[in-house]
Amino acid sequence: MLILPPGHAEQVRAPLRAGARERWMLWIGGLLTVALAVVAVIAITTSGRSSGNGCVSVTIPYSLGGQEIYKCGQAARSFCVTSGQPGGFTGTAGQAVAVQCRKAGLRFG
């Protein structure tokens with residue numbers, strides 16, 4: 001049989017009170033949660049560059065990484081023309097460049 005000290009039942013029934021340290025920790029946890037939610041919403045709703053209006057944005061994958069290309073105006077026109085010629089992009093990379101050049105309204109090759 002276990003003998004409990006006097007007043008133990010009242011102490012167990014009393015509601016727990018958060019001290020200053022616990023309240024401070026709850027505020028910090030809440031603020032971090034809100035900040036993380038804001039960052040997640042911004043990351044989801046913002047988009048990267050896209051092809052159109054004379055600008056070309058293409059990502060070319062390679063076996064050990066890749067390359068992001070973004071060009072506008074005359075640089076985009078010359079990029080699209082030279083990419084379809086010998087010495088330019090071929091295969092899957094060439095197809096990706098051709099699609100983005102056509103989206104931008106530029107001639108490929």
Against the conditions (1) without any contact (Cβ under 8 Å) to a residue 40 or more places away in the chain; (2) touching a strand residue (DSSP E or B) at 6+ places or on another chain (Cβ under 7 Å), where does Val39 fall short? Just the number, please.
(2)
Does any residue in region 70-82 that is basic (Lys, Arg) come within less than 8 Å, Cβ to Cβ, of a residue that is open to solvent by 70 Å² or more (accessible area, probe 1.4 Å) six or more places away or on a different chain, and which pairs are these?
Arg77/Arg107
Take the conditions without any contact (Cβ under 8 Å) to a residue 60 or more places away in the chain, open to solvent by less than 100 Å² (accessible area, probe 1.4 Å) and either on the phi > 0 side of the Ramachandran plot or not in a loop (DSSP other than H, G, I, E, B) (or both) and apply them to Ile44. Does it pass?
no
Being open to solvent by 40 Å² or more (accessible area, probe 1.4 Å) and either touching an Asp or Glu at 6+ places or on another chain (Cβ under 9 Å) or among the polar types (S, T, N, Q) (or both) is the filter; apply it to region 56-86 and report the residue that is nearest to Val99 (Cα to Cα).
Thr59
Mind listing whichever residues of region 12-22 are surrounded by 10 or more Cβ atoms within 10 Å (Cβ to Cβ) and out of contact with any Leu (no Cβ under 8 Å at 6 or more places or on another chain)?
Glu22
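The values are calculated or read from the model by the stated rules, or taken from the named source; none is laboratory data. In this text, all values refer to a predicted model and were calculated from it rather than measured experimentally. We place every Cβ from the backbone using ideal geometry, glycine too, and count neighbours over all the protein chains shown. When the accessible area is computed, the model is the full protein with side chains, heavy atoms only, and any ligands, DNA or RNA have been set aside. Shrake-Rupley method; radii C 1.70, N 1.55, O 1.52, S 1.80 Å.
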